[in-house]
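> Here you go, one structure.
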Amino acid sequence: MGDDLRKEFHQHLDEIRAGITQLAASVAEMIPRATQVLLDGDLEGADYLINSDDEIDRKSLELEEQCYDLLALQAPMAGDMRQLVTAIKMIGEIERSADLAVNVCKAARRIYGTPLDSRLRAMIAQMGEQAALLFRLSIDAYNDADVPLAAALDDIDDLLDRLQVDFISQIFQCHASDSVDLLVAVQLALIARFFERIGDHGVNIGERVRYMVTGWLPTHDEDTVT
């Protein structure tokens, strides 16, 4: 690739990275808002976030098309190729995280009007906060090409996993005492799963960042630098 082509390639790549950062910022706002919608029983807020997902999908598709156009028109070198492959993967992780926030809102509509035990509310708030934190940190790792932070995300996710397990246990206790009926219990368990999956996407983003910077792949026993 000549100097002019490389310069043009990096300009396009910078535009894609900026688009991904903007997309991620929108989703980072959705996660705590979805949590609050659930806790407040906010039907109007739920509808707003559900409808806003169409714009997230549109931007995701637009960014993916830019990535594929750049792949088709250029022949990027190894490091540049990793950045482009990472960008494509990142878009998917971010878009699916938005879908999960929307799923929380849809579940909130299904259990609308159901009073929740104070312990359940506190644990929902904790899970939402931890999922939002993990997602934000994963995007920070991407923006800063921060490999140590990217590698730490898996450990940070352990807390969210434990919160999910504790929450499920609390749901069973509430159902056993007849303070939560079965249909609500099922929706609450799904909500916990949605938050846990947002955390998983954050961990996946961390793995993408490590690959982008070092060439490391999660199937390898040790990091490789290329």
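The values are calculated or read from the model by the stated rules, or taken from the named source; none is laboratory data. Quick caveat, the model's predicted, so the values are computed rather than measured. FYI the Cβ positions are ideal-geometry reconstructions off the backbone, even for glycines, and counts take in every protein chain you see.
> If you take the residues of segment 123-148 that are assigned to a helix (DSSP H, G or I) and more than 16 Å from the chain's Cα centre (by Cα), which of them is nearest to Asp14 (Cα to Cα)?
Filtering segment 123-148 for residues that are assigned to a helix (DSSP H, G or I) and more than 16 Å from the chain's Cα centre (by Cα), the one nearest to Asp14 (Cα to Cα) comes out as Asp144.
> Separate question: Could you check, for segment 67-88, whether at least one of its residues is of a type in the set (Asp, Glu) and buried (at least 18 other Cβ atoms within 10 Å of the Cβ)?
no
> Can you go through Asp140, Asp178, Asp155 and tell me which one is of a type in the set (Asp, Glu) and at pLDDT 95 or above?
Of the residues listed, the single one that is of a type in the set (Asp, Glu) and at pLDDT 95 or above is Asp140.
> Here is a list: Leu63, Leu39. Which entry is surrounded by 13 or more Cβ atoms within 10 Å (Cβ to Cβ), in contact with a helix residue (DSSP H, G or I) (Cβ under 8 Å, 6 or more places away or on another chain), within 30 Å of Leu120 (Cα to Cα) and at pLDDT 95 or above?
Values: Leu63 fails: within 30 Å of Leu120 (Cα to Cα).
After applying the criteria, what remains is Leu39.
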